[in-house]
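Participant: One structure, pasted below without further comment.
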Amino acid sequence: MNHFQYKNGVLYCEDLPVSEIAAEVGTPFYLYSKATLVRHFKAFDSSFEDIDHLTCFAVKSCSNIGILSLFAGLGGGADIVSGGELYRALQAGIDPKRIIYSGVGKRADELHYGLKAGILLFNVESEQELYRLNEVAAELGVKAPVSFRVNPDVDPKTHAYISTGLAKNKFGIPIVEAAELYEQAAGMENIKVLGVSCHIGSQLTLISPFIEALRKIKDFVKRLEEKGIGIQYIDLGGGVGIIYDDEEPPHPQEYAKDIKAELADLEATLIFEPGRVIVGNAGIMVTEVQYTKSNRGGEKEKHFVVVDAGMNDLTRPSLYDAYHGVQPVVEKSGGRKIVDIVGPICETGDFIAKDREFPEVSQGDLLAVMSAGAYGFTMASNYNSRPRVAEVMVSGKEFAVIRERETVESLIQGESIPEFTGES
């Protein structure tokens with residue numbers, strides 16, 4: 001459930017008409033419902049309340065510190081993949097002992113930052129990373145808390161670009177090689193082995209791939225214990241899908257029930273990295289119709305709705321051919337036609353929806369792009385020198401701008417025109 005509903009033909013976010021917010025902040029903008037964020041976080045976290053666990057929100061999915069701070073207040077941690085995300089998490093008030101650091105390409109300065117901050121775990125993804133982490137920890141005179149991201153070679157049945165658990169993916173260490181690396185790590189002076197990590201992909205709508213991966217991880221943990229390597233944490237990643245169109249993802253309680261049944265005989269704290277399942281349907285993007293046009297002369301007439309949000313603002317349709325529902329902010333009666341909803345970017349790939357049956361709209365109408373809370377703003381760019389949009393949060397009858405719209409002046413911040421003195 002989310003708190004974006006029509007009332008008397010007008011789309012509301014909680015108790016505020018979306019059109020009133022648009023009139024004050026302008027378009028395009030991202031709009032989040034605080035009530036939905038809280039509801040979704042609690043729905044996931046409470047599903048595991050009867051066991052030792054830690055819910056580490058995947059910062060990459062939605063990184064605004066206003067949202068991270070909200071989850072921190074609910075007892076949440078953070079799954080980070082960069083030094084910048086670590087900075088955001090700390091600024092948002094997340095306890096370092098609730099932060100885990102994933103990612104295949106951690107630089108030495110980022111490892112240093114994580115060690116100095118005192119985070120809970122580094123999810124190491126290669127042998128070279130392990131040796132680098134040991135060296136950085138030695139320089140600081142500390143032991144680095146480590147788990148290894150083990151790749152179980154399980155097909156998550158999702159989009160190829162967000163599949164992460166197959167042998168052909170860049171992530172993690174093959175499960176057939178990982179035991180040897182654990183033994184190496186256990187003998188290192190500045191490494192403390194604490195856990196095992198596994199993440200097979202994103203937007204999964206079936207529980208069976210999770211269970212298949214979990215069984216492999218469980219057997220692996222038992223083999224480690226036989227070698228005298230105890231495991232305190234098992235990180236099961238994230239990846240539970242949401243409804244964009246007609247998907248039927250598992251409810252967190254259903255997911256939790258199967259996970260707990262499978263791990264009943266293991267004594268370890270479980271770590272989860274939910275992202276999309278919490279924020280995906282808690283946010284929308286609001287955009288304004290600039291023009292409508294029809295192109296004739298081909299096999300059939302083509303109709304376009306041109307809006308002021310482009311692929312730089314919401315990348316998923318262009319990058320993944322992803323579906324997002326689109327709704328008029330004020331309900332329309334009358335005719336409908338097949339249209340492409342496109343943006344102003346100078347690319348044919350700049351679209352929000354293709355061949356979509358849609359009500360007839362006019363210049364100035366507002367549209368809501370649904371299910372945009374995850375991987376929306378965080379993947380935005382300044383392509384075509386477009387300032388990134390504002391982010392807004394609603395709580396009941398109030399709203400707050402949690403990120404101001406960028407200005408054209410901010411686009412060239414840090415740039416300079418060089419003045420060379422020598423001959424070229």
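The values are calculated or read from the model by the stated rules, or taken from the named source; none is laboratory data. Just so you know, these numbers come straight off a predicted model, no measurement behind them. Here the Cβ is made from the backbone with ideal geometry for all residues, glycine too, and neighbour counts use every protein chain on show.
Participant: Return the residue satisfying two criteria in turn: it lies in the range 290-320 and is at pLDDT below 95 and of a type in the set (Asp, Glu), and of such residues it is nearest to Ala353 (Cα to Cα).
Facilitator: The qualifying residue nearest to Ala353 (Cα to Cα) is Glu301.
Participant: Could you check how many residues of the range 214-241 are under 21 Å from the mean Cα position of the chain (by Cα) and either buried (at least 22 other Cβ atoms within 10 Å of the Cβ) or modelled with pLDDT of 85 or more (or both)?
Facilitator: Total satisfying the criteria: 7.
Participant: Test of understanding: among Ile119, Ile94, which residue is of a type outside the set (Asp, Glu) and under 18 Å from the mean Cα position of the chain (by Cα)?
Facilitator: Ile94
Participant: Would you confirm whether any residue within the range 263-284 is surrounded by fewer than 21 Cβ atoms within 10 Å (Cβ to Cβ), touching a Phe, Trp or Tyr at 6+ places or on another chain (Cβ under 9 Å), over 30 Å from Ser47 (Cα atoms) and among the aliphatic types (A, V, I, L, M)?
Facilitator: no
Participant: Can you pull out the residues in the range 367-414 that are closer than 19 Å to Glu14 by Cβ, touching a Leu at 6+ places or on another chain (Cβ under 7 Å), of a type in the set (Gly, Ala, Ser) and not in a loop (DSSP other than H, G, I, E, B)?
Facilitator: If the condition is that a residue be closer than 19 Å to Glu14 by Cβ, touching a Leu at 6+ places or on another chain (Cβ under 7 Å), of a type in the set (Gly, Ala, Ser) and not in a loop (DSSP other than H, G, I, E, B), then Ala368 is the only one that fits.
Participant: The conditions are (1) part of a loop (DSSP other than H, G, I, E, B); (2) out of contact with any strand residue (DSSP E or B) (no Cβ under 9 Å at 6 or more places or on another chain); (3) at pLDDT below 95; (4) not aliphatic (A, V, I, L, M), and Gly93 fails exactly one of them. Which is it?
Facilitator: Against the list (1) part of a loop (DSSP other than H, G, I, E, B); (2) out of contact with any strand residue (DSSP E or B) (no Cβ under 9 Å at 6 or more places or on another chain); (3) at pLDDT below 95; (4) not aliphatic (A, V, I, L, M), Gly93 comes up short only on (3).
Participant: Restricting attention to the range 22-38, does a residue exist that is crowded, with 21+ Cβ neighbours inside 10 Å and over 25 Å from Glu331 (Cβ atoms)?
Facilitator: yes
Participant: Kindly list the number of the only condition in (1) outside the structural domain of Gly172 (by TED's automatic domain parsing); (2) surrounded by 24 or more Cβ atoms within 10 Å (Cβ to Cβ); (3) under 27 Å from Arg132 (Cβ atoms) that fails for Gly114.
Facilitator: Of everything listed in (1) outside the structural domain of Gly172 (by TED's automatic domain parsing); (2) surrounded by 24 or more Cβ atoms within 10 Å (Cβ to Cβ); (3) under 27 Å from Arg132 (Cβ atoms), Gly114 misses just condition (1).
Participant: Next up: Filter the range 139-166 for residues that are at pLDDT 85 or above, among the aliphatic types (A, V, I, L, M) and part of a helix (DSSP H, G or I) and give the result.
Facilitator: Of everything in the range 139-166, just one residue is at pLDDT 85 or above, among the aliphatic types (A, V, I, L, M) and part of a helix (DSSP H, G or I), namely Leu140.
Participant: Those residues that are within 21 Å of the chain's Cα centre (by Cα) and of a type in the set (A, V, I, L, M, F, W, C), I need them from the range 370-399; list them, please.
Facilitator: Scanning the range 370-399 gives Met370, Ala372, Ala374, Phe377, Met379, Ala380, Val389, Ala390, Val392, Met393, Val394.
Participant: Another question, then. If I ask for residues that are among the polar types (S, T, N, Q) and assigned to a loop (DSSP other than H, G, I, E, B), which ones from the range 187-213 would you list?
Facilitator: The answer is Asn190, Ser202, Gln203, Thr205.
Participant: Out of the residues in the range 337-355 meeting the condition of being over 26 Å from the mean Cα position of the chain (by Cα) and charged (D, E, K, R), tell me which one is farthest from Ala322 (Cα to Cα).
Facilitator: My answer is Lys337.
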